[in-house]
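Structure first, commentary second.
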Amino acid sequence: MEKKNIDWSNIGFGYIPTDKRFVSNYKNGAWDEGTLTSDATVTISECAGVLQYAQTCFEGMKAYTTEDGHIVTFRPDLNAARMASSCKRLEMPVFPEDRFVQAIVDTVKANEAYVPPYGSGATLYIRPYMFGSDAVIGVKPANEYQFRVFTTPVGPYFKGGVKPITIRVCDYDRAAPHGTGHIKAGLNYAMSLYAIMDAHRQGYDENMYLDAATRTKVEETGGANFLFVTKDNKVVTPKSNSILPSITRRSLLVVAKDYLGLDVEEREVYFDEVKDFAECGLCGTAAVISPVGKIVDHGKEICFPSGMTEMGPITKKLYETLTGIQMGRIEAPKGWIKVIE
Ligand code: PLP
Ligand code: COI
């Protein structure tokens, strides 16, 4: 199979349509068998649940080319489970988890020519999503839904790749204490758009959201969880019911403990403690681990000792071990890698 003629090393995090996408429709209480299609457009009622009341959720994952030339995905079963939990919270029908994983495999296989080569720095981003597709005008769940999976080759989420970024403490909240912060609902991202554009206008790369109830504890950013490293090399990550349970973060805790022999703590992290950490990073499928060099809290700067030019040393080890596992250079824990055959 010949790869597409794309300048893999210079693509950003954008949408490049690929040849095929998976579509399955839910009607009369059942999902159809689904199909791969070349049609990249969606036609739905003007009154569709997704358009009127934002009834939609999504997932984000990647396919990688390994050192020995296989195409693999990373822990797709966890994305399937998280999407099921998003659907339940939004009164949407679950797309069966085994069928979710199969749809990922089929879509990646059908777009093999777009999976960036090993060592290019790019990956194939996979976007499964679901939305209410039939008309609702009273506030209620739709009766019909569409589940789709498309792929797009991507480079680094933050321009500059692994160069440390600057973030600010945000005055807007991302998620309410008993709201939807723990699921991957489109609505969480719609309401973050003003905050991220405002951050960019002020010269920051991202927002640090605090807990909405007390504004004293670190939550996450608009698209990634936080990891901190203490001065004695302990890896600390915020625990909260209103953040997305990042698969990257959960994996990195295993990497830190079992591969690097580090102590790890998942606990509430008070913003007051942040100044005492040695390193800070954002972790997620898109972000991988993006180092944070500086956090600005209403004019007060926290500059991490790791600085603004390099990843901190522990962050770097975590990054290299995780990407080593994903690219097949380092043996993965059982069940983490799904080879697309
Ligand atoms: N937090 C938010 C709000 C996200 O959108 C994402 C991206 O998926 C993450 C965290 C990271 O999650 P994961 O590592 O599962 O991609
Ligand atoms: C991902 O990391 O997959 C996400 O969905 C985050 C999004 C902000 C791109």
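No value in this document is a laboratory result; all are computed from the given coordinates. Predicted model, so just to flag it, every value in this text is computed and none were measured. Note that we place each Cβ from the backbone using ideal geometry, even for glycine, and neighbour counts take in every protein chain shown.
If I stretch the segment between Asp19 and Cys303 completely, what's the gain in nm (0.36 nm per residue apart, minus their alpha carbon distance), one decimal?
Extra length from Asp19 to Cys303 when fully extended: 97.8 nm.
Is the C-alpha gyration tensor of the chain telling us rounded, prolate or oblate? Criteria: a/c under 1.5 is rounded; beyond that, a/b larger than b/c is prolate, otherwise oblate.
oblate
For Lys159 and Ala113, compute 0.36 nm times the residue count separating them, minus their Cα-Cα distance, and round to one decimal in nm.
Full-extension gain reported as 14.1 nm.
Which of the aspartates and glutamates could a cross-linker bridge to Lys338, judged by Cα under 14 Å and excluding same-chain residues fewer than eight apart?
Lys338 reaches Asp77, Asp98, Asp106.
So how strong a dipole does segment 227-341 carry about its Cα centre when Lys and Arg Cβ are +1 and Asp and Glu Cβ are -1, to the nearest 20 debye?
260 debye
Counting Lys and Arg as +1 and Asp and Glu as -1, what is the net charge of the other residues whose Cβ lies under 15 Å from the Cβ of Cys47?
For residues surrounding Cys47, the net value is -2.
Where nothing but the Cβ of Lys and Arg (+1) and of Asp and Glu (-1) is charged, how large is the charge dipole of the chain around its Cα centre, in debye to the nearest 20?
Computed charge dipole of the chain: roughly 100 debye.
Determine the gain in length on full extension of the stretch Glu46-Ala30; use 0.36 nm per residue of separation and subtract their C-alpha separation, reporting nm with one decimal.
Residue separation times 0.36 nm, minus the Cα-Cα distance, leaves 3.5 nm.
Need one word for segment 1-139: rounded, prolate or oblate. Basis is the Cα gyration tensor (sqrt eigenvalues a ≥ b ≥ c); a/c below 1.5 gives rounded, then a/b vs b/c decides.
prolate
Report the GluC sites (Glu not before Pro) located in segment 80-160 that are in a DSSP loop and have at most 12 other Cβ atoms inside 10 Å of their Cβ, or state none.
Sites meeting the loop and neighbour criteria: Glu91.
What distance in nm lies between label points placed 7 Å from Cα along the C-beta direction at Lys234 and Ala135?
Modelled inter-label distance: 6.0 nm.
Mind pulling the angle between the C-alpha long axis of helix 76-89 and the longest principal axis of the chain? Nearest 10 degrees, somewhere in 0 to 90.
80 degrees
Which whole-number percentage describes the relative contact order of the chain, with Cα contacts under 8 Å and a sequence gap of 6 or more?
Averaging sequence separation for qualifying contacts and normalising by length gives 20 percent for the chain.
With angles folded into 0 to 90 degrees, how steeply does helix 313-326 sit against the dominant principal axis of the chain? Use alpha carbons for both and round to 10.
20 degrees
Helix 97-110 versus the longest principal axis of the chain: what is the Cα-based angle in degrees, 0 to 90, to the nearest 10?
Its long axis makes an angle of about 90 degrees.
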